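Here is the structure we will look at, set down as structure tokens.
The values are calculated or read from the model by the stated rules, or taken from the named source; none is laboratory data. Keep in mind that what you see is a predicted model, and the values were worked out from it rather than measured. Cβ placement follows ideal geometry from the backbone for every residue including glycine, while neighbour counts extend to all protein chains displayed. Note: areas computed on protein heavy atoms with side chains; ligands, DNA, RNA excluded. Shrake-Rupley method; radii C 1.70, N 1.55, O 1.52, S 1.80 Å.
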Amino acid sequence: MSKITTELLLERAVPRSTRLRKIETLNLSKLQLRTGDLDPRLFSRLRHLQKLDLSDNLLDKFPNSLTLPDLRVLNCNNNKLEDVTALKQFPLLEELTYENNVYLTLNDDYKVMFLLQNLRLLNGKDITKLANHVRRVNSRKLTSKVTAHWEKFFRDQLPEKHTAEQVKSIKKKFLKSVQTNVVYGPSSLSEFTRWRVKMIAEEFLAYSLGLELNSDTEPEEKTDENEEESTESPREAAEDVAQVVHIYDPLLTTGAVTVTPSKRKRNHSKSSPGNKRSKSQASTEEEAEDVSAEPLHFLQCHSKGNSREDFKTQLWSCVFEPVLDSGARKDPIVSSSRTVATCGGESVCLIDCETGTVLKKYKVATEEFFSVAWTTLTMVISDSRKKAHNILAAAGRRGIVKLIHVAADFCYGEIKAHKKPIATVCFSPTQETHLFTASYDKRIALWDIGIPDCDYNFKASQLLVLETASIPLRIALVPTCPEQYLLAGCEDGCFAWNIKLDKGQKSRPFEAIFQFPDDESMTTSHRVDGLAFLNDDVVVSKSSKPGCIYLWSWSRSFDAKGKGCQRTMSAVILAELEWSTTDMSYLTLSTCPAKEYVFCGDEKGSVWMYNLSGYTTAWGSAKGKRSERRISPTQILKWPELRVNGEQPPEILVNNVVADPAFTYLVVLTSVNITAIWKKS
């Protein structure tokens with residue numbers, strides 16, 4: 001019978017507890033415990049355990065499934081531990097001690113530093129800088145050596161048309177050879193190096209041979225769960241697979257299911273009962289069948305556990321990568337590539353819009369990503385030359401911002417920005433290291449993320465905190481003064497803050513709240529779940545009022561000369577866009593300023609597009625009046641009829657839709673884990 005019982009756990013809790021799920025600190029030292037005494041079924045009930053003391057026992061290893069999701073501090077001093085790799089099941093671990101375990105060596109210290117990304121203290125010493133080196137620089141160099149070893153000695157040994165047996169044979173030879181011949185670092189770390197080399201080599205083979213293996217026509221072949229599956233011709237599929245690269249960070253996978261549209265639907269949106277459609281809207285829908293954009297790719301690349309059956313993961317945010325050319329960046333038409341970053345569920349993907357290839361994929365098993373944003377930093381590389389590099393910030397449910405150096409395939413750091421989920425992030429267009437994070441804690445924070453050195457050491461600092469009256473959902477910097485004013489669409493209204501850093505006040509309340517029409521009166525109290533600037537002055541905002549998208553003037557609405565904070569101002573409405581009559585929230589909008597377009601998806605998988613180039617000149621004049629009638633969409637892109645394994649996906653909501661600055665591609669993110677890419681014809 002196990003020495004550990006429910007009663008013992010409750011008694012050894014600090015302080016004593018009456019419920020296992022309430023225990024946060026537990027002392028199980030000096031109980032002569034062996035590995036078999038740690039019952040995973042009992043420990044799985046310690047859901048909120050943060051500190052665990054197992055010192056002075058007889059443990060030789062850890063069970064692989066203790067399920068302590070919130071464990072932060074672990075003491076294993078004076079045991080008989082022989083292996084530390086099972087500690088990877090505690091990803092949030094920050095402090096670890098295992099002194100006086102005679103079988104553990106320096107190699108185990110390095111394994112722990114690599115496996116536990118949040119670890120700060122090991123045996124009482126701050127290992128942050130060394131751990132960064134182990135996870136990034138060491139890993140990058142070993143990856144380079146492993147790849148070079150394959151290219152030099154093994155690549156040509158594999159026939160172009162190969163069988164499963166040939167792949168199996170070459171894999172065995174390669175793993176043996178690479179562990180023997182790839183050497184790096186001091187001899188005292190040879191065991192760690194072999195361990196990492198084997199890991200890197202296996203991942204390398206999984207993303208190259210494993211994917212190519214799927215081109216076999218033998219029906220008995222088992223499909224690898226990380227493969228990219230395509231309904232294109234075998235040649236096109238092979239070309240796509242060859243372009244897939246993985247970001248080297250823990251728990252990384254690449255894979256997408258490409259879904260092909262069948263015949264396009266000819267059905268039209270029906271209004272809700274009691275809501276009549278205007279003639280203009282009905283005629284617009286008829287015209288929308290003759291679209292000027294065609295569906296190019298439908299990708300299922302954010303699946304949980306790479307499951308092809310995952311049609312539940314919500315996709316939330318996408319941003320096109322900027323071009324690394326300082327001259328070109330001044331021209332919005334050429335300021336982005338055809339590469340787009342998308343996020344949803346536990347992963348962030350980089351997709352080539354033209355080919356539909358998932359170029360890179362970054363995954364955190366305990367995260368749900370809500371937002372991504374790009375910036376370009378001038379960094380010093382290894383030969384002391386300065387060079388511009390694109391950095392991707394990703395954030396979500398855990399309140400942590402991940403910073404990814406895409407060209408180096410590294411997530412080089414993180415910022416613990418908030419204790420509650422982050423709804424959205426954005427970089428300043430004028431200060432490349434300034435990042436805004438808007439959180440469910442009803443705060444918007446401004447961070448200086450710093451510039452990483454050649455070893456990826458960086459220092460982030462908080463510059464400002466903006467207090468909100470409700471949860472901020474969307475944020476936008478005012479184009480004419482991005483260092484002075486920020487707008488936010490929140491659960492309970494639209495607000496503005498003065499963000500100028502020379503004011504000295506680090507925590508600030510909102511400076512203005514805007515009123516919008518509500519039937520016969522004006523109101524400030526409504527959810528604003530869509531917010532973007534169409535040009536330097538025209539704001540586009542979407543509220544929870546059914547079918548309501550407003551265009552309004554920032555300069556005429558905001559009186560900068562007024563005094564005092566928390567002033568109420570009436571938004572000067574320029575026009576209202578005709579949109580779906582749904583009352584469903586969080587279907588956000590976007591703009592393409594260079595082409596003067598507004599985009600918004602709906603609850604039926606359609607994308608409503610508005611070309612407003614014929615209106616902006618009049619709106620810009622001092623006497624510009626509000627358009628009396630709602631502006632109908634220029635086009636409505638209907639969701640094609642898709643078949644996945646012979647079946648149609650469930651109800652499709654368009655959570656977000658974004659065009660590149662030149663409006664060549666349109667990326668549509670849905671509620672059913674499908675990324676749709678349209679190309680303007």
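Give me the net charge of I677's neighbourhood, meaning all other residues with Cβ under 13 Å from the Cβ of I677; Lys, Arg count +1, Asp, Glu -1. Write down the numbers at each step before the final one.
Working: positive: R338, K679, K680; negative: E294, D352, E354, D660.
Summing Lys and Arg as +1 and Asp and Glu as -1 gives -1.
How far, in nm, would the chain grow between S337 and S525 when pulled straight, counting 0.36 nm per residue and subtracting the alpha carbon separation?
Details: separation 188, 0.36 × 188 = 67.68 nm, distance 3.92 nm.
Contour length minus the Cα-Cα distance gives 63.8 nm.
What fraction of the Cα pairs in the range 6-104, stated in percent, has a spacing above 22 angstrom? Before the final figure, lay out each step's value.
On the way: 932 of 4851 pairs.
In whole percent, the long-distance tail amounts to 19.
Dipole of the range 6-104, Cα-centred, from +1 at each Lys and Arg C-beta and -1 at each Asp and Glu C-beta, to the nearest 20 debye?
Values: 15 positive and 14 negative charges, 94 e Å.
For this selection, approximately 460 debye.
So which of K363/K638; K3/K51; K80/K416; K3/K125; K168/K360 end up more than 27 Å apart by C-alpha? Show your work: numbers first, answer last.
Details: K363/K638 31 Å; K3/K51 20 Å; K80/K416 35 Å; K3/K125 33 Å; K168/K360 25 Å.
Violating the 27 Å limit, Cα to Cα: K363/K638; K80/K416; K3/K125.
Listed here are the pairs K129/K198; K304/K604; K419/K545; K172/K402; which of them are more than 28 Å apart at the Cα?
Details: K129/K198 24 Å; K304/K604 24 Å; K419/K545 31 Å; K172/K402 36 Å.
Over 28 Å Cα-Cα: K419/K545; K172/K402.
Please work out the Cα center distance from the range 577-636 to the range 395-452, rounded to the nearest Å.
30 Å
Provide the FRET efficiency to the nearest 0.05 for the D559-S461 pair, computing r from the beta carbons and using R0 = 25 Å.
On the way: r = 33 Å, r/R0 = 1.31.
Using R0 = 25 Å, I get an efficiency of 0.15.
Please name whichever of Y184, V167, A201 sits farthest to the positive end of the charge dipole of the range 130-209, dipole taken about the Cα centre and charges placed at Cβ: Lys and Arg +1, Asp and Glu -1.
The residue sitting most towards the positive pole is Y184.
Using DSSP to define loop residues, name the trypsin sites (Lys or Arg not before Pro) in the range 369-450 whose beta-carbon has at most 13 other beta-carbon atoms within 10 Å.
Hits after loop and neighbour filter: R385, K419.
Given a Förster radius of 25 Å and the C-beta distance between S177 and R140 as r, what FRET efficiency does 1/(1 + (r/R0)^6) yield to the nearest 0.05? Please report the intermediate quantities before stating the final value.
On the way: r = 21 Å, r/R0 = 0.85.
With R0 = 25 Å, the Cβ-Cβ based efficiency is 0.75.
Determine, for each peptide in 24-31, 495-502, the mean count of other beta carbons within 10 angstrom over its residues, then list the peptides with the highest first. Walk me through the intermediate numbers first.
Working: 24-31: 16.8, 495-502: 18.4.
Going from most to least packed, we get 495-502, 24-31.
What's the extension gain from K680 to T582 if we count 0.36 nm per residue and subtract their Cα-Cα distance?
Length gained between K680 and T582: 32.6 nm.
Ignoring ligands, DNA and RNA, what accessible area per residue does the range 6-104 give at 1.4 Å, in Å²?
Details: 5200 Å² over 99 residues.
Per residue, the range 6-104 has an accessible area of 53 Å².
Take the Cα of D453, step 7 Å along the line toward its Cβ, and report every residue of the range 126-141 whose backbone nitrogen sits under 15 Å from that point.
128-134, 137
Summing Lys, Arg as +1 and Asp, Glu as -1, what charge do residues with Cβ under 11 Å from the Cβ of I415 carry, I415 excluded? Walk me through the intermediate numbers first.
Values: positive: K402, K416, K459; negative: E414, D448.
Once all neighbours under 11 Å are counted, the net charge is +1.
Could you rank C426, C592 by how accessible they are, 1.4 Å probe, largest area first? Working shown, then result.
Details: C426 25, C592 5 Å².
From most accessible down to least: C426, C592.
Need one number: nm distance between label points at S187 and K420, each 7 Å from Cα along Cα→Cβ, rounded to one decimal.
5.8 nm
With each label point set 7 Å from Cα along the Cα-Cβ vector, what nm distance links T378 and D83?
Distance between label points: 5.1 nm.
Mind ordering 602-608, 551-557 by average Cβ neighbours within 10 Å, highest first?
Working: 602-608: 22.1, 551-557: 19.7.
Output ranking for 602-608, 551-557: 602-608, 551-557.
Give, in nm to one decimal, the length gained when the segment between E11 and E160 is fully stretched (0.36 nm per residue of separation minus the Cα-Cα distance).
Values: separation 149, 0.36 × 149 = 53.64 nm, distance 6.45 nm.
Once the chain is fully extended between E11 and E160, it gains 47.2 nm.
What is the antiparallel percent of DSSP beta bridges lying wholly in the range 6-104, to the nearest 5?
Numbers: 1 of 10 bridges.
So the antiparallel bridges amount to about 10 percent of the total.
What residues from the range 151-181 fall in the zone where the backbone N is under 20 Å from a label point 7 Å along the Cα-to-C-beta line of K198?
168-181
In what sequence, highest mean first, do 191-198, 58-65 appear when ranked by Cβ atoms within 10 angstrom? Intermediate results must be reported in sequence, preceding the final value.
Values: 191-198: 19.4, 58-65: 15.2.
Ranked by mean Cβ neighbours within 10 Å, highest first: 191-198, 58-65.
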